[in-house]
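J.: The following block contains the structure, expressed as structure tokens.
The values are calculated or read from the model by the stated rules, or taken from the named source; none is laboratory data. Values in this document were obtained by computation on a predicted structure and should not be read as measured data. Cβ: placed from backbone, ideal geometry, glycine included. Neighbour counts: every protein chain shown.
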Amino acid sequence: MNSNITNLEKDAACAPPQGALLDMDGFLLDSMPLWQQLDRELLEEYGIYSQAAMDELSASGTIESAAAVFIRRGATCSMEALSENIHRRLTQKYAHELPLLPGAEEFVKTLAGHGVHLALLTATPRHLAVAAMRRLGLETAFELIVGGAEKHDPQTFVETAEQLGCAVADTIVYDDSAWACEVAAQAGFKTRMNWEWP
């Protein structure tokens, strides 16, 4: 992921946005390989592995919707047991292991240093996001951390901006997912899939 951080500092004419909604997994946190590995391990563990199932899981969005994929695919256990199994494995990774992507810390601190109101908006459960940001020293940079976000709904982005006290037209959504950016754009947000100033 490329960053324009140096250019941001030099270009005084480049006004910062009022607010920014930042994705976590795959944008700030180097966690996407973990999700792919976990998906495969769990599908194999429950005897329902296929590429189609992998593809469906990658688009599921939340742990609960992922658990529903397992049930539809024939996993012989309850939604509660599946969710608990996934949560247990993820807690160790987010609370103790997963690193930031190179340049992510500098980008967040640059935005905060320009007075931009920041929210972390992630489909990952909030307690995992808080644990990761706290361990990595970025928790206090965010005025708001929203976990379990349903990013298929444009209103999710609107409500998060409202909680920040920021206008949609002056808030940027940063997300590595093209579909999430498309949903946010439908609600009137500027969007970026990389670390660039508008």
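J.: From (1) in contact with a Leu (Cβ under 8 Å, 6 or more places away or on another chain); (2) assigned to a helix (DSSP H, G or I), pick out the condition that doesn't hold for GLU64.
T.: Of the numbered conditions (1) in contact with a Leu (Cβ under 8 Å, 6 or more places away or on another chain); (2) assigned to a helix (DSSP H, G or I), the odd one out for GLU64 is (1).
J.: Which one of the conditions (1) over 29 Å from GLN92 (Cα atoms); (2) modelled with pLDDT of 95 or more; (3) not in a strand (DSSP E or B) does THR191 fail to meet, given that it meets all the rest?
T.: Of (1) over 29 Å from GLN92 (Cα atoms); (2) modelled with pLDDT of 95 or more; (3) not in a strand (DSSP E or B), only one is false for THR191: (3).
J.: How many residues, within segment 46-61, are within 29 Å of LEU121 (Cβ to Cβ), in a loop (DSSP other than H, G, I, E, B) and not hydrophobic (A, V, I, L, M, F, W, C)?
T.: Residues meeting the conditions: 2.
J.: I've got another one for you. Mind checking whether some residue in segment 60-71 is out of contact with any Ser or Thr (no Cβ under 9 Å at 6 or more places or on another chain), closer than 30 Å to ASP170 by Cα and either charged (D, E, K, R) or not assigned by TED's automatic domain parsing to the domain that holds ALA141 (or both)?
T.: Yes, that holds for at least one residue.
J.: With the requirement that a residue be surrounded by 14 or more Cβ atoms within 10 Å (Cβ to Cβ) and assigned to a loop (DSSP other than H, G, I, E, B), what does segment 153-182 give you?
T.: Correct list: CYS166, ASP175, ASP176, SER177.
J.: Pull out all pairs, ordered by first then second residue, where Cβ-Cβ is under 6 Å, the residues are six or more apart or on different chains, the first lies in segment 61-76 and is under 16 Å from HIS87 (Cα atoms) and among the hydroxyl-bearing types (Ser, Thr, Tyr), and the second is at pLDDT 85 or above and surrounded by 15 or more Cβ atoms within 10 Å (Cβ to Cβ).
T.: THR62/ALA123; THR62/GLY148
J.: Within segment 107-114, is there a residue that is crowded, with 16+ Cβ neighbours inside 10 Å, of a type in the set (Lys, Arg) and closer than 30 Å to LEU164 by Cα?
T.: no
J.: If a residue must be touching a helix residue (DSSP H, G or I) at 6+ places or on another chain (Cβ under 7 Å) and surrounded by 20 or more Cβ atoms within 10 Å (Cβ to Cβ), how many such residues does segment 121-141 contain?
T.: Result for segment 121-141: 7.
J.: Next up: Name the pairs: first residue in segment 88-112 and part of a helix (DSSP H, G or I), second residue among the acidic types (Asp, Glu), Cβ to Cβ under 9 Å, at least 6 apart or on different chains?
T.: ARG89/GLU41; ALA104/ASP30; THR110/GLU9
J.: Further question: Out of the residues in segment 125-143 that are farther than 11 Å from LEU100 by Cα and not in a helix (DSSP H, G or I), state the one that is modelled with the lowest pLDDT.
T.: Of everything passing the filter in segment 125-143, PRO125 is modelled with the lowest pLDDT.
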